[in-house]
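A short worksheet on the structure shown next.
The values are calculated or read from the model by the stated rules, or taken from the named source; none is laboratory data. Just so you know, these numbers come straight off a predicted model, no measurement behind them. Note that each Cβ is placed from the backbone with ideal geometry, even for glycine, and that neighbours are counted across all protein chains shown.
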Amino acid sequence: MLEVKDVIVRYDTATILDGANLTVEKGELVGLVGPNGAGKTTLLRAIAGLMNWDREVLRGTKNSEVTFEGSIEFEGERIDKLPAFEVAKRGLQLCPQMGRPFVEMNVRDNLLAGAYLCKDKKEVGESLARVYELFPRLKEREKQLAGTLSGGERQMLAVGRSLMRRPKFMLVDEPSSGLAPKIKEDLFKRVEEIYHELGVTILLAEQDISFAFALSKRNYVMSRGHIIAQGTAEELLKDETIRKTYLGM
């Protein structure tokens, strides 16, 4: 369903991704684990089309040169030259780290923004009802400004907003970041429910190895822009070098 081939991303002379390769089959929940700075977020952003690869060299937000090499395919189609809205149209959605809500809009309007490409009002209403069923707290807070939400509520909102377009595939970036253990556990239960009950294929980037391994069937370990290992949780934990050096366990 998703195939990333030899992806290299550089900002000026700094190489953030250095020949990253991974595949995710339809119906899988795959973990992407590794320490902070490994390149997980950059890889997910590249897959989601948040940098437009129409030109060989792009200008970043701070006048840095951004270069891209390699290819990304989704359901057999090259998507690495498509802008983000075209990638989203194909059913691939990014749930960003730290939620990133529109802080001056209320919860309901943030969710509706996630369905901006859908013109079917009935479908949008059904999606909103499904998100509220999955996250009752968002229903309670629907008129509240997103900027006043707690960290856990913002992350719920990010997941809910990603679901509004009924995605086939979700890229979930560090959902546990900064959350208390109880909130983190509840959020991961919702991710599991999305996977099992809604049938959404998921690539989950996560620093919390124990939670990622509890959910995923297969995992990639990332370090310094490289995919350095892959396998089930059991296989990876049997490798002492991987466990101690890259997983911190």
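Working only within the range 65-82, note down all residues that are on the phi < 0 side of the Ramachandran plot and surrounded by 14 or more Cβ atoms within 10 Å (Cβ to Cβ). Give the derivation first.
Of the residues in the range 65-82, the ones on the phi < 0 side of the Ramachandran plot are 65-69, 71-74, 77-82.
Across the range 65-82, the qualifying residues are VAL66, THR67, PHE68, GLU69, SER71, ILE72, GLU73, PHE74, ILE79, ASP80, LYS81, LEU82.
Please go through the range 76-108 and pick out each residue that is more than 16 Å from MET164 (Cα to Cα), in contact with a strand residue (DSSP E or B) (Cβ under 8 Å, 6 or more places away or on another chain) and part of a loop (DSSP other than H, G, I, E, B).
ILE79, ASP80, GLN97, VAL103, GLU104, MET105, listed by residue number.
Please determine whether any residue of the range 25-39 is part of a strand (DSSP E or B) and modelled with pLDDT under 90. Explain how you work it out, then say what you get.
From the range 25-39, those part of a strand (DSSP E or B) are 29-33; that's our starting set.
After this cut, where a residue has to be modelled with pLDDT under 90 as well, the list is none.
No, because not a single residue in the range 25-39 is part of a strand (DSSP E or B) and modelled with pLDDT under 90.
Could you please find all residues in the range 208-218 being buried (at least 17 other Cβ atoms within 10 Å of the Cβ) and either closer than 17 Å to ARG190 by Cβ or without any contact (Cβ under 8 Å) to a residue 40 or more places away in the chain (or both)?
ASP208, PHE211, ALA212, LEU215, SER216, listed by residue number.
I'm told LEU50 meets every condition in (1) surrounded by 18 or more Cβ atoms within 10 Å (Cβ to Cβ); (2) aliphatic (A, V, I, L, M); (3) farther than 12 Å from ALA205 by Cβ except one. Can you identify the failing condition by its number?
(1)
So which of ILE202, ILE194 ends up being of a type in the set (Val, Ile, Thr), over 17 Å from GLN97 (Cα atoms) and touching a helix residue (DSSP H, G or I) at 6+ places or on another chain (Cβ under 9 Å)? Before you say what the answer is, go through the steps one by one.
On the way: ILE202 fails: over 17 Å from GLN97 (Cα atoms).
Exactly one of ILE202, ILE194 is of a type in the set (Val, Ile, Thr), over 17 Å from GLN97 (Cα atoms) and touching a helix residue (DSSP H, G or I) at 6+ places or on another chain (Cβ under 9 Å), namely ILE194.
Out of LEU138, LEU128, LEU92, report the one residue that is under 17 Å from the mean Cα position of the chain (by Cα), buried (at least 20 other Cβ atoms within 10 Å of the Cβ) and aliphatic (A, V, I, L, M).
LEU92
Could you pull out every one of the helices (runs of 4 or more DSSP H) wholly within the range 117-217 that has 2 or more residues that are at pLDDT 85 or above, charged (D, E, K, R) and within 25 Å of GLY91 (Cα to Cα)?
Here the list reads 121-134, 151-163, 181-197.
What do you reckon, is GLY248 modelled with pLDDT of 90 or more and not polar (S, T, N, Q)?
So GLY248 does not fit the description; no.
When the range 1-14 is examined, which residues are found to be touching a strand residue (DSSP E or B) at 6+ places or on another chain (Cβ under 7 Å) and either farther than 12 Å from LEU203 by Cβ or in a strand (DSSP E or B) (or both)?
Listed by number, the residues that qualify are LEU2, GLU3, VAL4, LYS5, ASP6, VAL7, ILE8, VAL9, ARG10, TYR11, ASP12.
With the structure loaded, tell me whether VAL221 is in contact (Cβ under 8 Å) with a residue 40 or more places away in the chain, β-branched (Val, Ile, Thr), in contact with a Gly (Cβ under 6 Å, 6 or more places away or on another chain) and surrounded by 22 or more Cβ atoms within 10 Å (Cβ to Cβ) or whether it fails that test.
For VAL221, the condition - in contact (Cβ under 8 Å) with a residue 40 or more places away in the chain, β-branched (Val, Ile, Thr), in contact with a Gly (Cβ under 6 Å, 6 or more places away or on another chain) and surrounded by 22 or more Cβ atoms within 10 Å (Cβ to Cβ) - is met.
Which of the numbered conditions does ILE16 fail, given that it passes all the others? Conditions: (1) aliphatic (A, V, I, L, M); (2) closer than 20 Å to ARG224 by Cβ; (3) modelled with pLDDT of 90 or more.
Only one criterion in (1) aliphatic (A, V, I, L, M); (2) closer than 20 Å to ARG224 by Cβ; (3) modelled with pLDDT of 90 or more is unmet by ILE16, namely (3).
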